[in-house]
4 protein chains.
Amino acid sequence: MKKKQVPSMVKDQRLITKRRDQIVKAAVQLFNEKGYHKTTTREVAQQSGFSIGTLYEYIGSKEDILYLVCDSVYDMVVDQWAGLMDENLNGLERLKQVIEAYFRVVDALQDEVLVMYQNSKSLSGEARNYVLEKELRMKEMFEKELRNCIDAGYLTMTDEELDLACHNILVSGHMWTFRRWIVQREYTIDRYCELQLRQLFEGFGLNRQAPAEEKKTEIQTP
Amino acid sequence: MKKKQVPSMVKDQRLITKRRDQIVKAAVQLFNEKGYHKTTTREVAQQSGFSIGTLYEYIGSKEDILYLVCDSVYDMVVDQWAGLMDENLNGLERLKQVIEAYFRVVDALQDEVLVMYQNSKSLSGEARNYVLEKELRMKEMFEKELRNCIDAGYLTMTDEELDLACHNILVSGHMWTFRRWIVQREYTIDRYCELQLRQLFEGFGLNRQAPAEEKKTEIQTP
Amino acid sequence: MKKKQVPSMVKDQRLITKRRDQIVKAAVQLFNEKGYHKTTTREVAQQSGFSIGTLYEYIGSKEDILYLVCDSVYDMVVDQWAGLMDENLNGLERLKQVIEAYFRVVDALQDEVLVMYQNSKSLSGEARNYVLEKELRMKEMFEKELRNCIDAGYLTMTDEELDLACHNILVSGHMWTFRRWIVQREYTIDRYCELQLRQLFEGFGLNRQAPAEEKKTEIQTP
Amino acid sequence: MKKKQVPSMVKDQRLITKRRDQIVKAAVQLFNEKGYHKTTTREVAQQSGFSIGTLYEYIGSKEDILYLVCDSVYDMVVDQWAGLMDENLNGLERLKQVIEAYFRVVDALQDEVLVMYQNSKSLSGEARNYVLEKELRMKEMFEKELRNCIDAGYLTMTDEELDLACHNILVSGHMWTFRRWIVQREYTIDRYCELQLRQLFEGFGLNRQAPAEEKKTEIQTP
DNA sequence: AATGAATGAGCGTTCATTCAT
DNA sequence: TATGAATGAACGCTCATTCAT
């Protein structure tokens, strides 16, 4: 899936980049406050610091703004994520660090992530597919890490379980944004990382207890 | 938080209920297909089987439609959920059953749940709060169940962990709808219940270590 | 070529007809004054006596207004034309009467004809073809009349000449509108009919002179 | 009527002439393809080979482009027309040659003529009058020729008839462009010249038949 | 209680024109 | 002279809402 081309009437690539950064920044703020549909292109232009005419020198349609946001959010996430990584870790420590770094990036970019998360479904066709694919590529990053742990014997999982685990990690991150009205009232990001990591790795803590055997039989789905 | 009053020009309560059921049904379908903002009130009226004028005899504004949907979705979920419950179970068995029943209700009502989930943020003020509160009330249902297990010694959790666990359960259910483009391609609802329950209870399976074989065979659904 | 369907949100056919008549009347006046492109839909609505919203209850796009005008102009022309015809005439008298009646209808409907004539090229696709075909159908009316005269021995013409003669008649009529800035200053419609008919039938009057035969040879193009 | 002054920021007259020629050439092509109103100034600039800023160094407004086109079309027509003339002919032969040459110039410059013909009504005020006057000056060329023939006894016409005859000649030429969708499918320019000349000089050919006198009386409009 | 024609504020978008470089 | 980024008035069109019937 190729990156969708957003048309611009302006030739200077530097300027395009600069203006689009302004647009994305303005859009993230406005989309967060009022949502994509209730934000007008004029508001985006104004918040970006230029006129509606200028806005349309850098985009082809309102939807392009949303696409620009989604596209850049993934890049920002991946960039910042990479910056948080300690490459010296291995095994479960490394896995936990990858996940925690991800949570922390989502926290740092929560407005951006939330906008992307809540509005990407409003994209159409090409753009939508491109964004969905970027999402899958993020999932793959966790897959790789998990598989390493499995191959090294730190974890035991079927492929199916691994796949679902990745979904759960991703969603645990998103959750920090889309349920922020409640979870961010209840936890700091530090605490959230700690608790959520434990819950991802150990679940509800069944096996932390002594009489594991008893409980084990109870787990079975009827 | 009181139920928000949706104004109607019509007196007959029976008729109001009947018409609003039609409206909700029509809206769920349309909102799923095109989203709340891209669906027009005319379309809702037509799909409901009456005129735009009649529609406005039973609602005060477009937002009321969304509110009606969200409100009724919670009721439907709770109703169907109750219907799936086997009141004879206890302990962890009961907890698992509550969660699985919840997953299955979400699956049965996935269009409804998805609409509510993706659009409730478009509600404003009073209505929004009411819906958020309903969400919290669902969380409380899991809290109650989990606390029972804790009190009975089946689980060991701090209050903080319990709270997060409830969020995770709820989100695991929602996930079945808002990631359906990928998860419903990968799993049946049966398999999803099984795997997700295991992951909620045991996490990534760190502690499965020693008698791994034993456990794995036991867990599998026949 | 089928009549293009102009979409309407209104169900009452009587009302549609009435409103569209208002629209056509308003549009003819405005298009005459300022041209199609410089006339705004809001102006058409206002001149029609209703709001922009109502205008769009009866058309699908601005182009539909132009199409409505073109379509109705042909019908008006044909109607009024038929009304002017004396069916008792025959031979050249009848032919002359058909042409003169046509000129007089064009005069009576000159605003309408001019609008159609000057703007029909702005129609696109289906609508354009439909209008061109209506034009051809008018040409056929003259073809039929001329052929009758030829068959009855009143005129001698090849098919090629007949065809061109029809174009010339049609254009002589249109001319009364698209050159009205000059011809209507110079002639009354009565005089125009008289002179133009003579010129169509006799040309520059070469043969009005005595030694007609001589001159005929001179006329031929080398 | 004076030539309208088109403002330019540039001093060098040679450059002005050169750039305006580029503009006219580009505009003729674009106006033919999409019409004056649907062509943007940017497109004209691009097609001319320079930037929008440069375009506005040589014109004052979009309408000036149209004026430039109309103005130059007349000049081109007159130039090429003069080039086709055999000055040795006299009498009716000369008249026919003048008309045929005119037809052939219109054919050679049909894009230009059509653009001028279909869009000159979009000019305003001064420019419009100037163009209309140029049109009248062309008419005068035919008047002069016809009057020579009349004075020399080759034709017999009243002033009124002469005037209308000139309109008819002019329009016969324009017709080759504005009805080209049909007439150029039916005739070559050679054939068109031949047939149209015959029809202009002899009309429908009433008098080609024996009893010319009889018919003449019939022609008269009552 | 039901209808649907009417309304008009407001949206996304275009494009002729300007002016600093 | 040439450039092209910036501007914003103005356009075509939509749609939630009202109200006379």
> Are any of the residues in the range A:118-134 under 24 Å from B:GLY35 (Cβ atoms), within 17 Å of the chain's Cα centre (by Cα) and exposed (fewer than 14 other Cβ atoms within 10 Å of the Cβ)?
Replying inline: yes
> Mind checking whether some residue in the range C:8-15 is closer than 15 Å to C:TYR67 by Cβ and either more than 13 Å from DNA strand E (Cβ to nearest atom) or within 19 Å of the chain's Cα centre (by Cα) (or both)?
Replying inline: no
>> Checking the condition modelled with pLDDT under 95, away from DNA strand E (no atom under 13 Å from the Cβ) and charged (D, E, K, R), which residue from A:ASP21, A:ASP86 passes?
In response: A:ASP86
> Looking only at the range B:35-54, which residues are at positive phi and within 11 Å of DNA strand E (Cβ to nearest atom)?
Replying inline: B:GLY49
> Restricting the range D:1-45 to residues that are assigned to a loop (DSSP other than H, G, I, E, B) and touching a residue at least 60 places away in the same chain (Cβ under 8 Å), which is surrounded by the most Cβ atoms within 10 Å (Cβ to Cβ)?
Replying inline: D:TYR36
> Quick one: would you say B:ILE52 is more than 14 Å from chain A (Cβ to nearest Cβ), of a type in the set (A, V, I, L, M) and over 19 Å from B:ARG14 (Cα atoms)?
Replying inline: yes
>> Which of the numbered conditions does C:ILE23 fail, given that it passes all the others? Conditions: (1) within 14 Å of DNA strand F (Cβ to nearest atom); (2) within 14 Å of chain D (Cβ to nearest Cβ).
In response: (2)
>> Quick check on my filter: what residues within the range C:61-88 are within 7 Å of DNA strand F (Cβ to nearest atom) and more than 14 Å from chain D (Cβ to nearest Cβ)?
In response: C:SER61
> Among the residues of the range C:177-198 satisfying the criterion of being touching a residue at least 12 places away in the same chain (Cβ under 8 Å) and open to solvent by 10 Å² or more (accessible area, probe 1.4 Å), which is nearest to the other protein chains (Cβ to nearest Cβ)?
Replying inline: C:PHE178
> Can you name every residue in the range A:149-161 that is free of Cβ contacts under 8 Å to residues at least 60 places away in the same chain and buried (at least 16 other Cβ atoms within 10 Å of the Cβ)?
Replying inline: A:CYS149, A:ILE150, A:THR156, A:MET157, A:GLU161
> In the range B:59-81, which residues are within 16 Å of DNA strand E (Cβ to nearest atom) and open to solvent by less than 10 Å² (accessible area, probe 1.4 Å)?
Replying inline: B:ILE59, B:ASP64, B:ILE65
>> So, in the range B:124-145, exactly how many residues are in contact with an Asp or Glu (Cβ under 9 Å, 6 or more places away or on another chain) and within 11 Å of chain A (Cβ to nearest Cβ)?
In response: 2
> For the range A:82-104, what are the residues that are within 16 Å of the chain's Cα centre (by Cα) and touching a residue at least 60 places away in the same chain (Cβ under 8 Å)?
Replying inline: A:ILE99, A:GLU100, A:TYR102, A:PHE103, A:ARG104
> Yes or no: D:GLN97 within 14 Å of chain C (Cβ to nearest Cβ) and more than 16 Å from DNA strand E (Cβ to nearest atom)?
Replying inline: yes
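The values are calculated or read from the model by the stated rules, or taken from the named source; none is laboratory data. What you see is a predicted model; the values in this text were computed from it and never measured. Note: ideal-geometry Cβ built from the backbone for every residue, glycine included; neighbour counts use all protein chains shown. Only protein heavy atoms, including side chains, enter the accessible area calculation; ligands, DNA and RNA are left aside. Shrake-Rupley method; radii C 1.70, N 1.55, O 1.52, S 1.80 Å.
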